[in-house]
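Reviewing the structure listed below.
The numbers here are math on the coordinates, done by the rules we state, and not lab data. If you're wondering where the values come from, they're calculated on a predicted model, not measured in any experiment. Note that each Cβ is placed from the backbone with ideal geometry, even for glycine, and that neighbours are counted across all protein chains shown.
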Amino acid sequence: MRRHITLLLMILLAVACQPENNKKSRGSGDPEMDRFISGLMKQMTLEEKLGQLNLPASGDIMTGQTKSTGIAAKIREGKVGGLFNIRTVEKIREVQRIAVEESRMKIPLIIAMDVIHGYRTAFPIPLGVSTTWDMELVEKSARMAAQEATADGICWTFSPMVDISRDPRWGRVSEGSGEDPYLGSRIAEAMVRGYQGDDLSANNTMLACVKHFALYGASEAGRDYNTTDMSRIRMFNEFMPPYQAAIDAGVGSVMTSFNEIDGIPASANKWLMSDLLRDQWGFEGPVVTDYTAIMEMTDHGLGDLQQVSALALQAGVDMDMVSEGFLNTLKQSLDEGKVTMAQVDQACRRILEAKYRLGLFEDPYRYCDEERSKTEIFTDANRQFAREIAAASFVLMKNEGGVLPLKKGGTLALVGPMADNTENMPGTWSVAADFSQSTSVRKGLEAVAGSEVKILYAKGSNVVQDTLLDSRISIFGKPTYFDKRDPAVMIREAVAAAMKADVVVAAMGESAEMSGECSSRSDITLPACQRELLKALLATGKPVVMVLFTGRPLAIPWEAAHVPAILNVWFPGTEGGHAIADVLFGAVNPSGKLSATWPQNVGQVPLFYNHKNTGRPLAPGSWFQKFRSNYLDVPNEPLFPFGYGLSYSTFTYGNPKLSAEQLSGNATLTLSVDLTNSGPADGAEVVQLYIRDLVGSVTRPVKELKGFQKVFLKAGETRTITFTVTPEELKFYNSGLVYDWEPGDFDLMVGGNSDAVKTARVNWTK
């Protein structure tokens, strides 16, 4: 450590005695950092600069087919800028020691991990967190994840994932915040604030990385890694806002996507990475590729590894994850004049600046405090918060006859393949979670109900009956515990339990790895074996509550029509079982609202609320009209709309009131609405504001979310909810990609979901 500090002082002294370069790479706004980095780079060889651009995998955890080898030797040789998916203070301290004590330049490593929805303490999957519509909870979840991850040596997270997706076949919809750019933008901002805090150099904050830039959620056919193609106007109005929101919030880094944009893969797309991201949006941090994305551009057909590596650097990529194309080919490209030294220097500078901002040059071991690793990870307080945010994420889809909440008494039959599966509770991308410490539904019910309720358990069915499919989803330490017994025998066992019970709780749906990366599904219905179990349970005549596990919107019209109560719990995290019990028994009133539309069948996909009208729109309330835009076999309407979610109470909306019906110029409009909790229970409601631009120079959506407030009301309480609207909320990108608003009539809609709204109209002139 002393030798490291001495080196830094020598570098600073050398810089002070030398003239400034006439041409700076960019203005960072931090002259001290600029002087330090410039001095450091003057002492670095080309090979050492290229080493800073290399991000190999540690080998602990991998997402692709490639494993980096000889890590320690490469670190000593200055050929590694950082490592990812290595964990524990002991391991990280050792690799950091090699970097700062055994390499020539003694430059510290940046240590990264996919900290997606919590660290050791797992929170609901991101799609679940988004359904809280609670930005304080969202920010706190990222803050707590950063606290735990940094206590274990991690200082860079590949999160938030902000890809907008309207296709539930795509498995990675589970990692995002749904279909809406406005809600997605607010969540992106909250996540960045949570991870990075106010002081990035503090040892309990970490560098965030917005991903996947860009348009990854629009993969064709919902198939992961597939081609993406869309117009610029749609791109900017519907898909780009969350990325830009993260940039504006100060996110420290950006990750490229796997897909192409305008025929050019993201990692080689100069328009995307330089013209837009840097020149237009002003982003100054490092850009890192996704896993082997540079190498994969050879399969895209852009050339060999040397060619695609040169293209990536030219486009504005700074760090190569795993491919080692920068490390091994850029020297030759320099010699051949295919890239410039200025481009290499710029990329190197951005990586070094990120390390500087994290305080790694000041203290490379600042994230390797063994005491923190013992006292700040998986604490009781963190687990209590995990329980709280999980309960807030649950969406009550149906509650016919007031089956829920359950009374604490009598006998309860707990059945289903997800009823007693501890390992699957955290969901996908929970790489640091201790699955054995999660709370299953069974354990949660037993703990919360205690001796007041007799619980009878039977598995009833497998997640899927196809053994080949089961092998594909029983991975990453999350087994489904496939039962080889005859399915009929398992169903009879579950029915027997149901016949002895007063109520049946059926824990069903997907297992954790049926969604996530490379987990696309062409069929998004409930697996057939589970539906057969459900039919048998309903035939008993006992009230059935379906506790639905899923990482995506599902097409469950039969279940919605026949099951009395459905509670969607996503994948709720470490404390999921306790949270489920809290909601089922009424200790917590569910308040989650969908952040993605649920279709009636996969044939409706893509289905989203903020669609455009056609020239032949279907009349409201109609199913089929010849020569209108509709289907023969299913209505246009979704099964469950965006923003939907029930409560154990009822919320009544008054008519919206506007401060004016005619405005001009840069004025401010106020919309107010009386909200009444007219039901029997205290609870929270998400009040949603939508706007429709009725006439435009280009076609405009039928409605767009422009505001929301989560409001807690006691039973019988009435409160006036107020929104302010300015011309900023009316802006959009027109056909010339000019961001502006146009005068005319606007409908302002307020309600509890995108379909259940009340409308007021205003005329706004310039």
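Gyration tensor analysis over the Cα atoms of segment 651-765 returns equivalent ellipsoid semi-axes of 29, 14, 11 Å (largest first, whole Å). How much of the calculated P(r) for segment 437-516 lies past 18 Å, in percent of all Cα pairs? The proportion of pairs with Cα distances above 18 Å equals 51 percent. Separation of the alpha carbons by more than 18 angstrom is noted, of Lys731/Lys766; Lys593/Lys731; Lys454/Lys484, for Lys593/Lys731; Lys454/Lys484. Taking a spot 7 Å from the Cα of Asp335 along the direction of its beta carbon, which residues of segment 275-306 have an amide N less than 17 Å from it? Once the point is set 7 Å along Cα→Cβ of Asp335, 305-306 turn out to lie under 17 Å by backbone N, inside segment 275-306.
Semi-axis lengths, largest first, of the ellipsoid equivalent to segment 523-645 are 31, 18, 13 Å, with √(5λ) applied to each eigenvalue of the Cα gyration tensor.
At an R0 of 35 angstrom, the distance between the Cβ atoms of Thr298 and Asp523 translates into a FRET efficiency of 0.60. Evaluate the Debye formula for segment 573-635 with equal point scatterers sitting on the alpha carbons, no solvent, and hand back log10 of I(q)/I(0) at q = 0.17, 0.24, 0.28, 0.30 Å⁻¹, in q order, two decimals. Values, matching the q order: -0.74, -1.10, -1.28, -1.33.
Inter-label distance, His611 to Asp434: 4.8 nm, where each label sits 7 Å from its Cα along the C-beta direction.
Structural descriptor for the chain: relative contact order 13 percent, calculated from alpha carbon pairs under 8 angstrom and at least 6 residues apart. Cross-link partners for Lys612 among the lysines, with Cα-Cα distance under 16 Å and sequence neighbours closer than 8 places in the same chain left out: Lys703. With 0.36 nm allotted per residue and the present C-alpha distance subtracted, the Lys766-Trp281 stretch has 171.9 nm of extension available.
The slack between Val695 and Ala381, meaning 0.36 nm per residue of separation minus the straight C-alpha distance, is 107.9 nm. Using only the C-alpha atoms, the convex hull of segment 245-331 corresponds to 85 Å³ per residue. Approximating the spin labels as points 7 Å out from Cα along Cα→Cβ, the Thr467-to-Glu728 distance works out to 6.1 nm. Classify segment 545-588 from the C-alpha gyration tensor, please: rounded if a/c falls under 1.5, else prolate or oblate depending on whether a/b exceeds b/c. Oblate shape, in that a/c is at least 1.5 and b/c is the bigger or equal ratio.
The ranking of Val308, Val464, Val288 from fewest to most other beta carbons within 10 Å of each one's beta carbon is Val464, Val308, Val288. Using 27 Å as the Cα-Cα cut-off, could you pick out the over-long pairs in Lys42/Lys74; Lys355/Lys478; Lys49/Lys91; Lys443/Lys714? Lys355/Lys478; Lys443/Lys714, as the Cα separations exceed 27 Å there. Applying the Karplus relation 6.51 cos²θ - 1.76 cosθ + 1.60 with θ = phi - 60° to segment 298-314 yields 3J(HN,Hα) values of 5, 6, 5, x, 9, x, 7, 4, 5, 4, 6, 5, 4, 4, 5, 4, 4 Hz, where x marks Gly and Pro.
Gap in Å between the Cα centre of segment 300-370 and the Cα centre of segment 135-183? Distance between centres, Cα-based: 25 Å. If R0 is taken as 56 Å, the Cβ-Cβ distance between Lys484 and Ser664 corresponds to a FRET efficiency of 0.15. Here the chain has an Rg and Dmax of 27.0, 87 Å, counting Cα atoms alone.
Taking Cα atoms only, the orientation of helix 31-42 departs from the longest principal axis of the chain by about 60 degrees. Convex hull of alpha carbon positions in segment 671-711: directionally averaged projected area 3.9 nm².
Here the Karplus relation 6.51 cos²θ - 1.76 cosθ + 1.60, evaluated at θ = phi - 60°, turns the backbone of segment 142-152 into coupling constants of 5, 4, 5, 4, 5, 4, 6, 5, 5, 5, 9 Hz, with x for every Gly and Pro. Take the alpha-carbon centre of segment 732-759, take the same for segment 402-428, and report the distance between them in whole Å. The two parts, judged by their Cα centres, are 41 Å apart. Taken along the Cα-to-beta-carbon direction at a fixed 7 Å, the label points for Ala587 and Glu717 span 2.2 nm.
After finding the eigenvalues of the alpha carbon gyration tensor for segment 378-598, what semi-axes result from the square roots of 5 times each, listed largest first in whole Å? Each semi-axis is the square root of five times an eigenvalue, giving 22, 22, 17 Å. Using the alpha carbons alone, the radius of gyration of segment 345-491 stands to its Kirkwood radius in an Rg to Rh ratio of 1.13. Computed from Cα atoms, the angle from the helix 181-196 axis to the main principal axis of the chain rounds to 50 degrees. So what's the angle, to the nearest 10 degrees on a 0 to 90 scale, between helix 380-393 and the longest Cα principal axis of the chain? It is inclined by approximately 60 degrees. Amide H to amide H, with H built 1.01 Å from N, Gly118 comes under 5 Å of Phe123, counting only residues 5 or more places away or on other chains. Within the same chain, aspartates and glutamates fewer than 8 places from Lys542 are excluded, and of the rest, those with a Cα less than 14 Å from its Cα are Glu400, Asp502.
Under the criterion of Cα pairs below 8 Å and six or more residues apart, the relative contact order for segment 651-765 equals 33 percent.
Length gain on complete extension for the stretch Glu47 to Asp30, per 0.36 nm per residue less the alpha carbon to alpha carbon distance? Net length gain for the segment: 3.4 nm. All other residues whose Cβ lies under 9 angstrom from that of Glu575 are scored, Lys and Arg at +1 and Asp and Glu at -1, for a net of +1.
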